[in-house]
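Note sheet for the following structure.
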Amino acid sequence: MIKRIILFSLLSLFAFTVYSQLQSPEQFLGYKIGDHFTPHWKIVNYFQQVAANAPGMVKLQQYGETNEGRPLMLAFVSSPENMQQLESIRMNNIRLANLAKDKMAAREENAPAIVWLSYNVHGNEASSSEATMLTLYALVDPSNTQTKEWLKNTVVIIDPCVNPDGRDRYANWFNSVAGKKFNPQMSAREHREPWPGGRTNHYNFDLNRDWAWQTQKESSQRIKVYLQWLPQVHVDYHEMGVNSPYFFPPAVQPYHDVVTQWQRDFQVIVGKNNAKHFDKNSWLFYTKEEFDLFYPSYGDTYPTYNGSIGMTYEQGGGPAGGLGAMTKEGDTLTLRDRALHHFTTSLSTIEATSQNASKLIGEFHKYFNDAVRIGAGEYKTYVIKNTAGASQRINALTDLLDKNGIRYDVSANDSKASFTGYDYITRKSGSFLVQSGDVVISSLQPRSAMVRALFEPQSRLVDSATYDISAWSLPYAFGLNAFASATKVDASGILAPAKVNNLETSYGYVMPWVGMASVKAVSQLLQKGLVLRYAEEPFEENGNKFNRGSILILKTSNRSFGNNLWSTVRTIADNNNIQLTAVTGGFVDKGYDFGSGKVHSFKAPRVAMLTGEGVNSEAAGEVWYFFEQQINYPVTLINAADAGRINWDDYDVMILPSGSYRFLSDKTSLESFKGWIRKGGRVVALENAVAQLANADFGIKIKKDDSEKKDTNIYNALKKFDDRDREYITESTPGSILKVDLDNTHPLAFGYPDYYYTLKLDPTIYEFMKDGGWNVGVIKKESQVSGFVGAKLKDKLKDGLLFGVESLGRGSVTYLTDDVLFRNFWENGKLMFCNAVFLVGN
């Protein structure tokens, strides 16, 4: 007994000593939260200090690092009793979600609820990472008995900064331009962040649009851990304009149909709890406006579609708020104010979670039981057809499914039974067989809601005023034939991944040009110095059929490689899982021989892109990321402001992302640019850059709307004031899918059928080009496939050009008026972009 008393006394003394070393953020940093922007490394150091001094309550996990090498970190916080069995809590939660590999029963009783708080996904919305230090300290502070009660039945996971690269870009800039005292006047330079701003990550990607797609390393590393935990509650912290009050849920319509009643109800519970604390402090807020639950790749919707109650919290002040900003009412909104508001909702959310822990666990379990028992939506199975040339895009799709933990089977055999389902191509009901290589995705699985959200042909919109795009159905985004069936369809056997078997040759190889694996292989071959060829027309050789765009790798023009040529080619093909076809000579059975003028040679082009001030940073980031991270091909980034000083002859291809280019308005610079094109230069213009070229006397013109006749009814000018925020909707499309008719005999459309599905983000279309122009991709009547198009805009989106090529002297201009690289998840547009870079104009 005496030994126990002594041991207890020693443990108590140890605990007192440890906690006496625990420092508040102010003690550790040497300033109050809100007095300065804290660099990311100091935030990490503070979390490490707390974890070291409260080891029984806090565990840190580095789950990855950013492109610039900054650590990505989570803090797990709970009662000492829960922390001792943290892994058991996680495993039980996975069993509740029907995702555990073991067959042990899930336990609802006394299971802690898990709440995950994600801060600072937009780097220049920087107050939330300041608030995260206050939140962590409040949870472990020995004098805060209230938080200790919450942690008895709650595990809190804190991601203090989702986007450290963007945060430090903003914080370092601000700290470099601010004076001894902040200037609240909005005209001061400290409120005018330079290009590209700190919102995005290193490659200028918006990480809050990347949850489902996981194109960025920050996202893929985070989601891997997120899916191992699957919290019951998730909050994503943001900021908005300085004049806006605080927003917290309930969200506004449209809600996707997969959002359950309980997920809606708990938003109200949390909202009322937040409101209670805000009212105590006389802080303004609003709910049920602006922020919806529809697009599946946000920090609120992605968790929601994975069984959580996902929520967005928005504080006024970022990114222009600095340390203090003058509002329109004459008040000064400080960084400390903003951090305190986020701190308050952080604790309020944990409080509401603790108060409803047993209900949250029960509903969470029911959610996943319903998913495997009845599934989400009318379709029980989605079948992706393994049509000719689709394998690389199917592989890209299954990679995405794997990242999201979505289960699927690949059929090994042809089924004998015929099934009926919605045909994504005809957009009608049709019959189909499950054949070898087809991907079968059942909606009767734990991630049923996510399957429905990603695959259903048309999501129902309760309200057309959406915050983001309204269509993203993966069969269209990946350019794959698919069926959605209301019946359960099983794969016929399970097909193992195929391995390539590239045979030796003494003459050459033919490589299919059908997807990103082909492009990566071509990129590597070109960088090795090989001269490649592509076939303008289809051909047949030795019983094999080859499509337009097929890549020829011949000894001709590559003799300098000697005996290493074919081993180099095979190694690159093997590494990219490309099946080559060996050919023994240049004589073909059908089509044009390899020495014909219909077979074109090409070398590695010298590619540059204009970027910087005036260019849409996210549009430039898509191209930059695509070259560096996806196809690993060199691209030179040139500031658009230096366009007048470019030696154009140093480059073969110039890419103009969406933006506003001053040099196109300067007569001398424009003539120099056109002169380079006439000598053989190739331009790839995207989105708004096309509109600028149209105004600069190139051969493309914006189509003017001549459908509306003069309105003779004077009363139609009378409009309701209450409708002012929705009037624009009738002439807009927030991101809808249109079917484009393609001329796939043109190199810009090699590798495609005679159609393409584009994501239309604006109402602009172009006139058909005449002399010297090729109308490669056009929309005709009734082109809308999925998503919302305003009533007045529908009749205008027809009989126009979206993708074209203009010949100018020996050079060319490729016009890609829609974003074919959209957020890097629009897989089907990538090959068209590569056609523009590597094939068009050769």
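Observations on the model:
- Strands (runs of 3 or more DSSP E) fully within the stretch 721-803 that include at least 1 residues being over 30 Å from Pro512 (Cα atoms), of a type in the set (Ser, Thr, Tyr) and touching a residue at least 60 places away in the same chain (Cβ under 8 Å): 736-742, 784-786.
- Condition met for Gln267 (out of contact with any Ser or Thr (no Cβ under 7 Å at 6 or more places or on another chain), surrounded by 21 or more Cβ atoms within 10 Å (Cβ to Cβ) and over 21 Å from Thr200 (Cβ atoms)): yes
- Within the stretch 475-494, one or more residues are open to solvent by 70 Å² or more (accessible area, probe 1.4 Å), out of contact with any helix residue (DSSP H, G or I) (no Cβ under 6 Å at 6 or more places or on another chain), closer than 23 Å to Gln392 by Cβ and modelled with pLDDT under 95.
- Filtering Gly318, Gly310 for residues that are under 19 Å from Glu290 (Cβ atoms), open to solvent by less than 30 Å² (accessible area, probe 1.4 Å) and modelled with pLDDT under 95 leaves a single hit, Gly318.
- Positions within the stretch 213-241 being under 26 Å from Pro319 (Cα atoms), open to solvent by less than 10 Å² (accessible area, probe 1.4 Å), aliphatic (A, V, I, L, M) and touching a strand residue (DSSP E or B) at 6+ places or on another chain (Cβ under 7 Å), in sequence order: Val235
Residue-by-condition table, conditions (1) open to solvent by 50 Å² or more (accessible area, probe 1.4 Å); (2) under 16 Å from Gly479 (Cβ atoms); (3) part of a loop (DSSP other than H, G, I, E, B):
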residue: Leu360; (1), (2), (3): no, no, no
residue: Gly375; (1), (2), (3): no, no, yes
residue: Glu378; (1), (2), (3): yes, no, yes
residue: Asp402; (1), (2), (3): yes, no, no
residue: Val410; (1), (2), (3): no, no, no
residue: Thr426; (1), (2), (3): yes, yes, yes
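- One residue stands out among those in the stretch 518-546 that are surrounded by fewer than 21 Cβ atoms within 10 Å (Cβ to Cβ) and touching a helix residue (DSSP H, G or I) at 6+ places or on another chain (Cβ under 7 Å): the one that is nearest to Arg559 (Cα to Cα), which is Lys528.
Listed here are the residues, each with its yes/no results for (1) in contact with a Leu (Cβ under 9 Å, 6 or more places away or on another chain); (2) closer than 20 Å to Thr132 by Cα.
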residue: His238; (1), (2): no, yes
residue: Ala251; (1), (2): yes, no
residue: Thr301; (1), (2): yes, no
residue: Thr304; (1), (2): yes, no
residue: Ser308; (1), (2): yes, no
residue: Tyr313; (1), (2): no, yes
residue: Leu323; (1), (2): yes, yes
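- The lone criterion from (1) buried (at least 18 other Cβ atoms within 10 Å of the Cβ); (2) without any contact (Cβ under 8 Å) to a residue 60 or more places away in the chain; (3) within 19 Å of Asn501 (Cα to Cα) left unmet by Val569 is number (2).
- Some residue of the stretch 688-696 being in a loop (DSSP other than H, G, I, E, B), modelled with pLDDT under 95 and out of contact with any Gly (no Cβ under 8 Å at 6 or more places or on another chain): yes
- Residues being open to solvent by 60 Å² or more (accessible area, probe 1.4 Å) and assigned to a helix (DSSP H, G or I) - total across the stretch 43-81: 3
- Residue-level analysis places Pro254 among those that are in contact with a Phe, Trp or Tyr (Cβ under 6 Å, 6 or more places away or on another chain), at pLDDT below 95 and surrounded by fewer than 23 Cβ atoms within 10 Å (Cβ to Cβ).
- Unique residue being of a type in the set (Asp, Glu) and farther than 30 Å from Gly324 by Cβ when the list is Asp236, Asp257: Asp257
- Pairs, first among the aromatic types (Phe, Trp, Tyr) in the stretch 353-369, second open to solvent by less than 30 Å² (accessible area, probe 1.4 Å) and not in a helix (DSSP H, G or I), C-beta under 7 Å, six or more apart: Phe364/Gln232; Phe364/Gly307; Tyr367/Gly307; Phe368/Ala97; Phe368/Gly307; Phe368/Pro446
- Lone qualifier among Ala449, Ala465 - being of a type in the set (A, V, I, L, M, F, W, C), surrounded by 24 or more Cβ atoms within 10 Å (Cβ to Cβ) and within 29 Å of Thr733 (Cα to Cα): Ala449
The values are calculated or read from the model by the stated rules, or taken from the named source; none is laboratory data. Small disclaimer: the values here were computed from a predicted structure and weren't measured. All Cβ positions, even for glycine, are placed from backbone atoms using ideal geometry, and neighbour counts span all protein chains on display. With ligands, DNA and RNA removed, areas are computed over all heavy atoms of the protein, side chains included. Shrake-Rupley method; radii C 1.70, N 1.55, O 1.52, S 1.80 Å.
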